[in-house]
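Engineer: Before I ask anything, here is the structure I am working with.
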Amino acid sequence: NQVICVSLMGSDGVKKALLLKREGVTEGERPAEMEDGLELEYYDDEITLLKEVFRYIADYPIVCTFNGDNFDLPYLWRRGQVVGIPKEEIPIMMGRDSAMLPVGVHLDLYRFFFNHAIRIYAFGNSYREVTLDAVSSAVLGISKIPIDKNVSELSYLQLANYCARDSYLT
């Protein structure tokens, strides 16, 4: 499946949702809890969107994800190849069980919060499941945005807001 949205939140103030234009998708109404200052960028094709994502990944010295070793980064790596981006232009290196960056550090917070000592001693066993929603609810008091349909069925504003919240929580 195509990458239809990637959200980015940076310690330097970057707040973006990169969205793939798709036929039949409407902008929709602005959600009440929309992330303040979220900038939306629309792309006509997936290759251009992915190249921009890869530019950001290469520009930051530390990239944090939640389960990025097992999903996000392998998916972006593979989609880049599927659309024809040469491997040497994709700033992700796939190991056997982790995703690394050629310049910089990838920190998968899923692995951090999965650690028994972190869960028990640092956070007092405040979360039982290691999901972004469970951890962020317990640690930050903020939940993921609930959706009742597939992400591909969301309007652009709903999708951008949903993804931006996940980035914010991470």
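The values are calculated or read from the model by the stated rules, or taken from the named source; none is laboratory data. Quantities reported herein were computed from a predicted structural model and do not represent experimental measurements. Glycine also receives a Cβ, built like all others from the backbone with ideal geometry; neighbour counts cover every protein chain displayed. The accessibility values were calculated without ligands, DNA or RNA, using every heavy atom of the protein model including side chains. Shrake-Rupley method; radii C 1.70, N 1.55, O 1.52, S 1.80 Å.
Engineer: Test D108 against the criterion of being among the acidic types (D, E) and open to solvent by less than 50 Å² (accessible area, probe 1.4 Å), and give yes or no.
Structural biologist: So D108 fits the description; yes.
Engineer: Let me ask another. Looking at L159, is it among the hydrophobic types (A, V, I, L, M, F, W, C) and crowded, with 18+ Cβ neighbours inside 10 Å?
Structural biologist: yes
Engineer: Next up: Any residue in the range 78-92 that is touching an Asp or Glu at 6+ places or on another chain (Cβ under 7 Å) and of a type in the set (V, I, T)?
Structural biologist: Scanning the range 78-92, I find at least one residue that is touching an Asp or Glu at 6+ places or on another chain (Cβ under 7 Å) and of a type in the set (V, I, T), so the answer is yes.
Engineer: Quickly run through the range 58-105 and pick out the residues that are β-branched (V, I, T), within 19 Å of the chain's Cα centre (by Cα) and open to solvent by less than 40 Å² (accessible area, probe 1.4 Å).
Structural biologist: Of everything in the range 58-105, those that are β-branched (V, I, T), within 19 Å of the chain's Cα centre (by Cα) and open to solvent by less than 40 Å² (accessible area, probe 1.4 Å) turn out to be V63, T65, I90, I92.
Engineer: Then there's this: Tally time: how many residues in the range 126-151 are more than 22 Å from L107 (Cα to Cα) and open to solvent by less than 60 Å² (accessible area, probe 1.4 Å)?
Structural biologist: Of the residues in that region, 2 qualify.
Engineer: Another one. Go through the range 1-36 and report how many residues are open to solvent by 50 Å² or more (accessible area, probe 1.4 Å), touching a residue at least 24 places away in the same chain (Cβ under 8 Å) and touching a strand residue (DSSP E or B) at 6+ places or on another chain (Cβ under 7 Å).
Structural biologist: Of the residues in that region, 3 qualify.
Engineer: Shifting gears a bit: Would you mind stating whether G104 is at positive phi and modelled with pLDDT under 95?
Structural biologist: Yes, satisfied.
Engineer: Further, regarding this structure: What's the total number of residues in the range 116-132 that are within 13 Å of N67 (Cα to Cα) and free of Cβ contacts under 8 Å to residues at least 24 places away in the same chain?
Structural biologist: Residues that pass the stated criteria total 2.
Engineer: Within the range 37-47, work out how many residues are of a type in the set (S, T, Y) and open to solvent by 60 Å² or more (accessible area, probe 1.4 Å).
Structural biologist: Of the residues in the range 37-47, 1 are of a type in the set (S, T, Y) and open to solvent by 60 Å² or more (accessible area, probe 1.4 Å).
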